[in-house]
Amino acid sequence: MHKMITVQDAVYSYSDDEHLVLKNITFDVERGEWVSIVGHNGSGKSTMAKAIDGLLKLTSGAIEIDGTALAEDTVWKIREKIGFVFQNPDNQFVGATVADDVAFGLENRHVSHDEMVAKVDEALHLVHMEAFADREPAGLSGGQKQRVALAGVIAMRPEIVILDEATSMLDPEGRQEIMQLMRELKQTYDFTVLTITHDIDETAFADRILLIDDGELVAAGTPEQVLTNGTDLVDRGLELPYAERLLNQLNLLHIDVPQQYMTNDQVVKWLC
Ligand code: ADP
């Protein structure tokens, strides 16, 4: 198996007061895998994501991206492999129109005009925003803005896409839309995905979940392995998955519900 991200004993402190925000975190992500880091606010998820993108330097420990150790002389090369979508869509727009915005990263890579136009068209098509190419980003809905941000990332053909709370400012429909879109995009380009979230329902499509609490990696496994331990999730300041909350409600109404683990999608199908 080819490891795309390797994090070994990551420790981080923002200051010298020895308050550790990351405490000996070790994990790896295979090429083509979708891993979701989940934890309550302030648990260290964003710090971990920033360290992976080389935006901050670990206090101790090591990170390798696609076999190359992250260091001062490799960070720029490594960053070309990573596409980052942040929480607030309004902070990431630089273009006057949607198409300009998607083209921005490519312009910095000095690709030819024709190639750029083709790549922008393709990226907008993939996120279903081709009809908005000439619109101003400011006038779009939150979900549309994040789709444009994603198009900007996709146009650069990164090997790793990191979504850092990229749906947390969206309504439930917008959140679902972005996660479905990621699933579609992943089928087209087999990139590696790392999603960072405090919303347990956003982990539904991940191959593996890493549960982080107060800077420590406290559980790791498939959604079935991690999400079935509801007590652990609640103790860690997280909500139960939507499916489990719904089944618990039905149980209270004395409706027989399946006892085995079911994803949100499976519960919806079972209800139908
Ligand atoms: P999460 O992404 O899980 O919400 P963060 O990684 O943003 O968590 O934050 C982890 C901890 O680090 C929190 O206690 C937060 O207050 C602290 N922190 C985050 N950014 C900074 C910073 N720039 N300076 C000092 N402390 C910070």
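Observations on the structure shown:
- Verdict on Val117 being farther than 20 Å from Ala138 by Cα and not in a loop (DSSP other than H, G, I, E, B): yes
- For Val120: the one exception among (1) farther than 24 Å from Thr197 by Cβ; (2) exposed (fewer than 12 other Cβ atoms within 10 Å of the Cβ): (2)
- Members of the range 15-56 found to be closer than 18 Å to Asp164 by Cβ and among the charged types (D, E, K, R), listed by number: Glu33, Lys45, Lys50, Asp53
- Among the candidates Glu18, Glu80, residue that is more than 16 Å from the ligand (Cβ to nearest atom) and surrounded by fewer than 21 Cβ atoms within 10 Å (Cβ to Cβ): Glu80
- Total residues in the range 24-57, condition crowded, with 23+ Cβ neighbours inside 10 Å, farther than 15 Å from Val7 by Cα and more than 8 Å from the ligand (Cβ to nearest atom): 1
- Considering the range 58-74, and only residues there that are in contact with an Asp or Glu (Cβ under 8 Å, 6 or more places away or on another chain) and of a type outside the set (A, V, I, L, M, F, W, C), the residue that is farthest from the ligand (Cβ to nearest atom) turns out to be Asp66.
- Extreme residue, nearest to Thr26 (Cα to Cα), among residues of the range 221-234 that are surrounded by 15 or more Cβ atoms within 10 Å (Cβ to Cβ), more than 16 Å from the ligand (Cβ to nearest atom) and not hydroxyl-bearing (Ser, Thr, Tyr): Val226
- Being within 16 Å of the ligand (Cβ to nearest atom) and touching a residue at least 40 places away in the same chain (Cβ under 8 Å) holds for only one residue in Gln87, Gln8, and it is Gln87.
- The range 182-218, residues that are over 18 Å from Thr231 (Cα atoms), of a type outside the set (Gly, Ala, Ser) and within 16 Å of the ligand (Cβ to nearest atom): Leu194, Thr195, Ile196, Thr197, Glu202
- In the range 1-23, the residues that are touching a helix residue (DSSP H, G or I) at 6+ places or on another chain (Cβ under 9 Å) and modelled with pLDDT of 95 or more: Ile5, Val7, Ala10, Tyr12, Val21, Leu22
- Restricting the range 153-181 to residues that are in contact (Cβ under 8 Å) with a residue 60 or more places away in the chain and of a type in the set (Gly, Ala, Ser), the residue that is nearest to the ligand (Cβ to nearest atom): Ser168
- Thr203 vs. criteria crowded, with 18+ Cβ neighbours inside 10 Å and of a type in the set (S, T, N, Q): yes
- Pairs are defined by a Cβ separation below 7 Å, a sequence spacing of at least 6 or placement on different chains, a first member in the range 42-61 that is at positive phi, and a second member that is outside any strand (DSSP E or B) and within 13 Å of the ligand (Cβ to nearest atom); the pairs so defined are Gly44/Val21; Gly44/Gly215.
- Remark: Leu124 falls outside the filter, which requires a residue to be assigned to a helix (DSSP H, G or I) and either of a type in the set (Lys, Arg) or over 22 Å from Gln180 (Cβ atoms) (or both).
- Of residues in the range 158-183 being part of a loop (DSSP other than H, G, I, E, B) and of a type in the set (Asp, Glu), the one surrounded by the fewest Cβ atoms within 10 Å (Cβ to Cβ): Asp171
- Residues satisfying the stated conditions in the range 235-272, i.e. within 18 Å of Thr203 (Cα to Cα), of a type in the set (A, V, I, L, M, F, W, C) and surrounded by 15 or more Cβ atoms within 10 Å (Cβ to Cβ): Leu238, Leu240, Ala243, Leu246, Met262, Val267
The values are calculated or read from the model by the stated rules, or taken from the named source; none is laboratory data. Worth saying up front: this structure is predicted, and the values here are computed from it rather than measured. Virtual Cβ from ideal backbone geometry, glycine too; neighbours counted across all protein chains shown.
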